[in-house]
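Novice: Before anything else, here's the structure in question.
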Amino acid sequence: MGRSNQRATTGNHGGSMKFAIIGDIHGFWDARDTAYFNRSDYAALLFVGDFAPWTGSLRVARMLSALTRPAWAIPGNHDAVTRLQLYAAIRHRRLLGELTAIGMGRRVRQLAAALGPVRLGGFSLDTLPDGIGLLTARPHAMGPDYFYYRSYLKRRFGVGDFTASAARLQALVELAPRRLIILAHNGPAGLGNTPDAPFGSDFNPAWGDFGDPDLRGAIACAHASGRTLLAVVAGHMHHRNRKHGAARTTVACDGKTLYLNAAYVPRMRRDGSHRHHIALTIDGNSVTAEAVFVGSDGGVQAREPLEPRTQHDPAP
Ligand SMILES: [Fe+2]
Ligand SMILES: [Fe+2]
């Protein structure tokens, strides 16, 4: 199928397929969002995590359980954790982190149950419509400066550091279909070290590139193995700079893969208008994306193309 410059309007027609990427919700979701996506013809919905306003994701998760489109999600660093646990993570308090991680497995199971048909992943592999692989990366990712939520990840997955995480992700890549998408909470290293880079540190510019090295390793493995990695979708690093409100670059391309940061926070205005998500269109091996803003009446208020575009070689 040749490249199409048209913006597809249906989920799957003539080889073109659309996916919705929903960035960090942080409490900003209501029944109108659910109704909008249930009316939509997206082939699938992908949630990058951070459902909770701060902590406490179950209220949003129960609303998401009413979604009728196929949907997948990864937990963010605010999901299935307590306030004290998040504090311990932010402060790098290892002992407190281990103590407060007790019960995290149960909280993750509660979150998965509350999400109902929305499948909650993490170090997992699924198949999207049209046979596209979905690799869900390390859950609860929070940045490369510390291996956050280590005791939970070690207990649940046997993964206790970035090296082990990279190995687990690369093993999943080797099992993945030839064409795939990666769903992550934080994005990969390698997309820039300035505060306005897709995953650059804005809260402390001296920290530079705040993307995750284990995810970068998985991407390198996908490329080296000849797979067509259509897109890597993530969030976590919010679009607005925390210090001065400047806008972040939210899309990148390395000539093989499209990278999207979907964390437009808050994802709607106070009056309930301008609800953000990203529409990802896959037409053969051509991938395009646009930001979509939906009004509280369910109508589309604006569409903004997210450049650059990428053209992959045909999959073998
Ligand atoms: Fe977030
Ligand atoms: Fe986050």
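None of the figures in this text is laboratory data; all of them are computed from the coordinates on show. The model shown is predicted, which means the values in this text are computed figures rather than measured ones. Here the Cβ positions follow ideal geometry from the backbone for every residue, glycine too, while neighbour counts run over all protein chains shown.
Novice: Percent antiparallel among DSSP beta bridges with both residues in region 18-311, to the nearest 5? Before the final figure, lay out each step's value.
Specialist: Details: 30 of 53 bridges.
Taking every DSSP beta bridge with both residues in region 18-311, the antiparallel ones total about 55 percent.
Novice: Given H placed 1.01 Å from N in the peptide plane, which residues other than close sequence neighbours of ASN186 have an amide H under 5 Å from its amide H?
Specialist: Residues meeting the amide H criterion: ALA141, GLY235.
Novice: I would also like to ask the following. What size of dipole, in debye to the nearest 20, comes out for the chain about its Cα centre when the only charges are +1 on Lys and Arg C-beta atoms and -1 on Asp and Glu C-beta atoms? Intermediate values should be presented prior to the final figure.
Specialist: On the way: 37 positive and 25 negative charges, 173 e Å.
It works out to roughly 840 debye.
Novice: Shifting gears a bit: Given contacts defined as C-alpha pairs under 8 Å and at least six residues apart, what's the relative contact order of region 167-316, whole-number percent?
Specialist: Values: 337 pairs, mean separation 29.0, N = 150.
Result for region 167-316 is 19 percent.
Novice: Next question. Out of all Cα-Cα pairs in region 177-310, roughly what percent, to the nearest whole number, are more than 24 Å apart? Let's see the in-between values first.
Specialist: Details: 2789 of 8911 pairs.
That fraction is 31 percent.
Novice: Suppose only helical runs count, i.e. DSSP H with n ≥ 4. What mean residue ellipticity at 222 nm does that imply for the chain under -39500 (n - 2.57) per run, divided by all residues and rounded to the nearest 500 deg cm²/dmol? Don't skip to the end; give the middle numbers.
Specialist: Details: 8 runs with 77 residues, N = 316.
Taking each H run of at least 4 residues, the total per residue is -7000 deg cm²/dmol.
Novice: Give me the mean projected area, in nm² to one decimal, of the convex hull enclosing the Cα positions of region 146-251.
Specialist: Its Cα hull, projected and averaged over all orientations, spans 6.8 nm².
Novice: Sticking with this structure for a sec: Quick one: give the max-minus-min coordinate of the C-alpha atoms of region 18-60 along each principal axis, largest first, in Å.
Specialist: 31, 19, 12
Novice: Given a Förster distance of 41 Å, report the FRET efficiency between ALA247 and THR127 from their Cβ-Cβ distance, rounded to the nearest 0.05.
Specialist: On the way: r = 35 Å, r/R0 = 0.86.
Given R0 = 41 Å and the Cβ-Cβ separation, E is 0.70.
Novice: Using per-residue counts of other Cβ atoms within 10 Å, averaged over each peptide, order 261-270, 70-79 from highest down.
Specialist: Details: 261-270: 21.3, 70-79: 25.4.
Taking the mean over residues of other Cβ atoms within 10 Å, the ranking is 70-79, 261-270.
Novice: Report the extension gain between GLN301 and ALA35 in nm, rounded to one decimal, defined as 0.36 nm multiplied by the number of residues separating them, less their alpha carbon distance. Provide the component values of the computation, followed by the final result.
Specialist: Numbers: separation 266, 0.36 × 266 = 95.76 nm, distance 1.62 nm.
Taking 0.36 nm per residue and subtracting the Cα distance, the gain is 94.1 nm.
Novice: Another question, then. Roughly speaking, what % of Cα-Cα pairs in the chain are separated by over 38 Å, rounded to a whole number? Could you put the intermediate results ahead of the total?
Specialist: Details: 3404 of 49770 pairs.
Tail fraction, whole percent: 7.
Novice: Moving on to the next point. With springs only between Cα atoms under 10 Å apart, run a GNM on the chain and tell me which of ALA52, ALA224, ALA20 wobbles the most.
Specialist: ALA224
Novice: Restricting to Cα pairs below 8 Å that are 6+ residues apart, what does the relative contact order work out to for region 18-311? Please round to a whole percent.
Specialist: Details: 720 pairs, mean separation 49.0, N = 294.
Computed over region 18-311, the figure is 17 percent.
Novice: Counting DSSP beta bridges with both partners in region 161-278, what percentage is antiparallel, nearest 5? Please list the in-between numbers first.
Specialist: Values: 5 of 15 bridges.
Bridges in region 161-278 are about 35 percent antiparallel.
Novice: Follow-up. Among the aspartates and glutamates, select those whose C-alpha is under 13 Å from the C-alpha of LYS243, and discard any that sit fewer than 8 residues away in the same chain.
Specialist: ASP196, ASP202
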